[in-house]
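Asks: Shown below is the structure under consideration.
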Amino acid sequence: MNRIIVPLFIFLLLHAQTWGAIELTYEDRYNEAKAAFEKGDYAKTKTLGEKLILEEHLSPELFQILAHTYYRLDDYGQAALWYKRSSIFPPPSPEIRQNLAHIHDRTGNLNFPSNSLQSQFSGKLPRTLWLVLMISGGWIFLFAAVWTMLFAKSIRIRSWLILIQVMALLLVMGSWFGWQWHPSYKMIEHLAIVTTKDVMAHTAATVTSGSVTKLPLGSEVRILEDRGIWSYIEVYSEQQDIRRGWVQNNKLTPLWPYHASYMDDGYKAD
Amino acid sequence: MTCALAAPQLSASLEPSEIRPGSYTTLSISIEGGQPDSLSTILLPAGVELASASPSFSNQTNIINGNIKRSAIITWQLMSNTPGEYVIAPQEIHIEGKPYKTNETRLVVKENASGAPSSQLDPLMTLEAEKREFYVGEVVPITVNLYLHRRTLLRRVGLIELPKDNFAIQRFPLQADENAVMMGGIPYRALAFQSTLSALKPGKYKLGPATSELILDVPLTDSRSQHPFFNQTESRKVKPTCNEIDVTVLPLPTENRPKNFSGVVGEFEMTMTAEPQDLAVGDPISIEISITGTGNFDALTPPTNTDPEPWKSYPPKRYRMGSSNVPTPQGEQQSIGYNQVIVPKSHATFIPPFEFSYFSPSKKQYVTLRTKATPIKVKAAARPTQEASKNTPAAAATVAAEPEKAAVVNSIITDILVTLPQKPIWLAQKPTLLNNKLFVIGNIFAFGILLSLITGKFVYTSWQQYVHSPEAPMRELMSKMNSTKLNPAQFYSLAAKYIEAKKLSGENIATIMERHDALNYGAINNETSAKLDPAERKRVLTALKI
């Protein structure tokens, strides 16, 4: 009897440990972070969310929760950063735009001008899909044109084929604009967000030099040159003009520090 | 009783004739037996001047042994600041139109004049500072003590001054605290003039001496001029000597200097009140901040809002709390108030702390005072911001009875809109399109179809043209002639058709046509239905292709 019970007991013991150590899926961890946010435990939400991000489990929805969390923790720079990261991916979210506008009202941050219509249109689809649509439209146009030239005899069929060509051409053009306007890695790889308070752009790479402009929390800057602990940046000023200056790197956080291939735009990653 | 009618007798005298520099003397001209026509001016040597512009005049009548003597006395107050011996020339006085001259007089001005008071009557002045070592900007109380002999009478105290090369010194008051003290058994009146100073730069300096010009009434010690019943005094202008103090001025430390430090040094406390605390977005809040303590309030700047973004702030107004304009003595505190209006631009739950930094000499470090965050209730604005801003004091004056306008509704976002997506879409690293097999195959397939369509159409058209070309019947006849199943009659019949179609001619053609006629229209024999000799076929076909 013991010859059966003892191995069985050991088996159960070992497997009980295994069952107890079942790892949560990413969705479970996401839901845990969401639940923590709903309970107002922002510190826990931040910890859980950042851990997922560190493991490169990236999700626009997770970005949103992190943005909400940072806002609740009064870190408006980080809140703006995560909202902007989330807004890179479709579909366009009016809520995110509204929250970014609210943070802008609170901090007066500086942002490059954006065309709302363009961003809304291009944000409808992923960039790759725009490219696929454009190529598909091109094929349709070619097939219709070839058919019209080689096979269509009757005027009625030719008319239909010409209509298809026009539609295909419109599809190509629309997709081209969507592809062109959609944020690509190349477009944002040098963008950074100001995530530290009391940041000033200087006229030289030293804090004792003259000042160019204040950079409130959440401001968007384009890094033109990285020189050690300082970066030469440009920013769109309140006077609706480009201002250039030097900012310490530790005051900035890159908008997209992750791999280019997450951006699904066909960018050839290293 | 007789009346003496003799010539007028004039005599001039100085009392005292020896004075200290800055002291006064009296020139008296006595006229016996006459009255001056006018109080004419007098001639004085350089260095002697009139202390008062107009002389005094008196008449005396004396009856001695039945003789009546009338005399007039004119007196001038004179003074001299420069030591020396001066001869006052005889003065000319007109009496009943006739000029008469006085005798000359001599005035001696020297430090140890016989008419000068003893050293005990000299005023004493001392300078005291509460600290000998202090920081730049630190307010240090200083006191100038003036000791006056009880027998002297202080007429006037000039402004007390100190050399201001390295210090900012507050003006000394004209009024002093007075006490009685005994020094060496001699009673003195001690006058304490209190002020403050602050050093402008670090280093070791000498403070003082303090200087002032006093006017004292000092009792005359010359027995010749003593009145039998009254103590006579003379007025003197005196500049008492004073000590110096060695002081060390320390620089403010550069370590841990707060960003908003404006040079304030001292000991302070700060309180804040805010009203109202239940309001709507755009409504003004009046902030009252009071700073109490001792220090250089002149360098005080308004406390700063630690979170200014969500607030529209108006410039603060500074005011002195209490009505005292007198320099503050040591230990007594000053209070400065700031009134500032701030307007919430969005929803807020508390008024952020205000802070200001100063250097504490007692703690020898920088201190940053911060008010507590004041909880408030801010409701959403019922009116747009433009309207709300008109309620601020700065704009209130401009809000006269304007006609009611339809308000433009501007959205006022006071908080983020929280959306929590139910399910996340995880991003994955995707290959480029050129590495996507489905995409590549799809495009190759489409290209293949397109190419096939074009090629097929081309082939089909070419075939049609070939089939329907004028050469087609000849190609058919030739093809039939190549058949090995034909007998000679059939072969030559086809050959004749071919020659006719192509309208061939020549010797060989004629031979072929003769053979055709022989086989098809001649006598029927075995040759007609026999098998065609391949050599003949080849020869005919060669002839036809030429």
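Values in this text are rule-based calculations from the coordinates and carry no lab data. All of these numbers come straight from a predicted model, not from anything done at the bench. Backbone-built Cβ (ideal geometry, glycine too); neighbour counts: all protein chains shown.
Asks: Would you mind giving the mean number of other chain beta-carbons within 10 Å of the Cβ of each residue in A:53-62, as a whole number?
Replies: Per residue, the average neighbour count from other chains is 4.
Asks: Which residue, B:166, B:124, A:218, has the largest displacement toward the positive end of the dipole of the protein assembly as shown when charges sit on each Cβ (Lys, Arg +1; Asp, Glu -1)?
Replies: A:218
Asks: Additional query: Only helices at least 24 Å long along their axis, Cα-based, and averaging -0.5 or more on Kyte-Doolittle count here, so list those DSSP H runs from chain A.
Replies: A:2-20, A:127-150, A:155-181
Asks: Can you pull out the trypsin sites (Lys or Arg not before Pro) in the range B:460-546 whose DSSP state is coil and whose Cβ has at most 12 other Cβ atoms within 10 Å?
Replies: Filter output for the range B:460-546: B:485, B:503, B:531.
Asks: At a Förster distance of 45 Å, what's the computed FRET efficiency of residue B:377 paired with residue B:213, Cβ-Cβ distance as r, to 0.05?
Replies: For residue B:377 and residue B:213, the calculated efficiency is 0.10.
Asks: Extension gain residue B:447-residue B:529, at 0.36 nm per residue separation less the Cα-Cα distance, in nm?
Replies: Extra length from residue B:447 to residue B:529 when fully extended: 23.7 nm.
Asks: Here's another thing I want to ask about it. In whole Å, what are the extents of chain B along the principal axes defined by its C-alpha atoms, from largest to smallest?
Replies: 227, 62, 61
Asks: A further question follows. FRET efficiency for residue B:186 and residue A:205, Cβ-Cβ distance as r, R0 = 60 Å, nearest 0.05?
Replies: Numbers: r = 74 Å, r/R0 = 1.23.
My answer for the efficiency is 0.25.
Asks: Okay, next question. Quick check for me: using +1 on Lys/Arg Cβ and -1 on Asp/Glu Cβ, what's the dipole size of chain A about its Cα centre, in debye to the nearest 20?
Replies: Result for chain A is approximately 700 debye, rounded to the nearest 20.
Asks: Measure off 7 Å from each Cα along the Cα-to-Cβ vector at residue B:73 and residue A:114, then give the distance between these two points in nanometres to one decimal.
Replies: Output for this residue pair reads 10.5 nm.
Asks: Can you give me the C-alpha center-to-center distance between the range A:162-230 and the range B:244-309, rounded to a whole angstrom?
Replies: Computed from Cα coordinates, the inter-centre distance equals 41 Å.
Asks: Can you run phi through the Karplus equation (6.51, -1.76, 1.60; θ = phi - 60°) for the range B:253-264 and list ³J(HN,Hα) in whole Hz, with x for Gly and Pro?
Replies: Along the range B:253-264, the couplings run x, 8, 6, 6, 6, x, 4, 8, 5, 10, x, 7 Hz.
Asks: Another question, if that's okay. Using just the alpha carbons, could you tell me how many Å³ per residue the convex hull of the range A:24-112 encloses?
Replies: With only Cα atoms used, the range A:24-112 gives 97 Å³ per residue.
Asks: Pull out the extension gain between residue B:239 and residue B:487, defined as 0.36 nm times the separation in residues minus the alpha carbon to alpha carbon distance; nm, one decimal.
Replies: 72.5 nm
Asks: Would you work out the Kirkwood radius for the range A:119-227? I mean one over the mean of 1/r across all pairs of different Cα atoms, in Å.
Replies: Values: mean 1/r = 0.0558 Å⁻¹.
Kirkwood radius, the range A:119-227: 17.9 Å.
Asks: Here is a further query. Give me the three principal axis extents of the range B:2-109 from the C-alpha atoms, as integers in angstrom, largest value leading.
Replies: 49, 28, 20
Asks: A further question on this structure: How far apart, in nm, are the 7 Å Cα→Cβ label points at residue B:497 and residue B:454?
Replies: Here the answer is 4.2 nm between the modelled labels.
Asks: Net charge within 13 Å of residue B:95 by Cβ-Cβ distance, Lys/Arg positive one each and Asp/Glu negative one each, not counting residue B:95 itself?
Replies: So the surrounding residues net to -1.
Asks: Still on this model: Charges at C-beta only: +1 for Lys and Arg, -1 for Asp and Glu. How large is the resulting dipole of the protein assembly as shown about its Cα centre, in Debye rounded to 20?
Replies: So the magnitude is around 3520 debye.
Asks: Radius of gyration and Dmax for the range A:215-259's Cα atoms, expressed in Å?
Replies: Cα-based Rg and Dmax for the range A:215-259 come out at 10.8, 34 Å.
Asks: Taking θ as phi - 60°, what are the ³J(HN,Hα) couplings along the range B:341-354 by the Karplus curve (6.51, -1.76, 1.60), each to the nearest whole Hz, with x for Gly and Pro?
Replies: 9, 10, 10, x, 7, 8, 4, 9, 10, 7, 7, x, x, 9
Asks: Using Cα atoms only, what is the angle between the long axis of helix B:472-481 and the major principal axis of chain B, expressed in degrees (0 to 90) to the nearest 10?
Replies: The angle comes out near 50 degrees.
Asks: Follow-up question, since we're still on this one. What is the set of long-range amide H partners of residue B:252 at a cut-off below 5 Å, with H atoms built 1.01 Å from backbone N?
Replies: B:136
Asks: Further question on the same structure: Once fully extended, how much extra length lies between residue A:224 and residue A:163, figured as 0.36 nm per residue of separation less the alpha-carbon to alpha-carbon distance? Provide the component values of the computation, followed by the final result.
Replies: Numbers: separation 61, 0.36 × 61 = 21.96 nm, distance 4.70 nm.
That works out to 17.3 nm of additional length.
Asks: Using just the helices of the protein assembly as shown, give the 222 nm mean residue ellipticity in deg cm²/dmol: DSSP H runs with n ≥ 4 each add -39,500 (n - 2.57), and the total is spread over all residues, rounded to 500.
Replies: Calculated at 222 nm, the ellipticity per residue is -9500 deg cm²/dmol.
Asks: Follow-up. Please report the orientation-averaged projected area of chain A, defined via the convex hull of its C-alpha atoms, in nm².
Replies: Values: hull surface 104.4 nm².
Taking the Cα atoms of chain A, their convex hull projects to 26.1 nm² on average.
Asks: Once both axes come from the Cα atoms, what is the angle between helix B:507-521 and the longest principal axis of chain B, in degrees from 0 to 90, rounded to 10?
Replies: The two axes meet at around 50 degrees.
Asks: Sticking with this one: Quick one: P(r) of the range A:127-181 from all Cα-Cα pairs, 5 Å bins, percents rounded to integers, in order of increasing distance.
Replies: Percent of Cα pairs in each bin: 5, 25, 24, 17, 12, 9, 5, 2, 0.
Asks: Mind listing the long-range amide H neighbours of residue B:70? Cut-off is under 5 Å, sequence gap 5 or more, other chains count too, H placed in the peptide plane at 1.01 Å from N.
Replies: For residue B:70, the qualifying residues are B:33, B:62.
Asks: Follow-up. Starting from the amide H of residue B:100, placed 1.01 Å from N in the peptide plane, find each other amide H under 5 Å away whose residue is 5 or more places distant or on another chain.
Replies: The list, which skips near neighbours in sequence, is B:93, B:94, B:95.
Asks: Another question, if that's okay. Return one number: the angle in degrees, 0 to 90 and rounded to the nearest 10, between the long axis of the Cα atoms of helix B:488-502 and the longest principal axis of the Cα atoms of chain B.
Replies: Here the helix axis deviates by roughly 50 degrees.
Asks: Can I ask one more? Taking θ = phi - 60°, what integer Hz values does the Karplus form 6.51 cos²θ - 1.76 cosθ + 1.60 yield along the range A:198-204, in sequence order, with x for Gly and Pro?
Replies: 6, 9, 10, 7, 10, 7, 8
Asks: Have a look at B:341, A:183, B:145 and report the one farthest towards the positive end of the charge dipole of the protein assembly as shown, computed about the Cα centre with Cβ charges (Lys/Arg +1, Asp/Glu -1).
Replies: A:183
Asks: Place a point 7 Å from the Cα of residue B:103 along the Cα-to-Cβ direction; which residues of the range B:69-94 have their backbone N under 19 Å from it?
Replies: B:71-76, B:86-93
Asks: Obtain the radius of gyration and the Kirkwood radius of the protein assembly as shown from its C-alpha atoms and give Rg over Rh.
Replies: 1.44
Asks: May I ask for the percentage of alpha-carbon pairs in the range B:414-487 that lie more than 17 Å from each other?
Replies: 75 percent
Asks: Next question, about the same structure. At a threshold of 8 angstrom on Cα-Cα distance, excluding pairs fewer than six apart, so keeping six or more, what relative contact order does chain B reach in percent?
Replies: Values: 1041 pairs, mean separation 49.8, N = 546.
With pairs under 8 Å counted, the relative contact order is 9 percent.
Asks: Using only the alpha-carbon atoms of the range B:119-249 as identical scatterers, what base-10 log of I(q)/I(0) does the Debye formula give at q = 0.20, 0.22 Å⁻¹?
Replies: Here the Debye-derived log intensity ratios amount to -1.10, -1.25.
Asks: Using all Cα-Cα distances in the range A:181-270, what percent lands in each 10 angstrom bin from 0 up to the longest?
Replies: Per 10 Å bin, starting at zero, the Cα-Cα P(r) for the range A:181-270 comes out as 17, 47, 26, 10, 0 percent.
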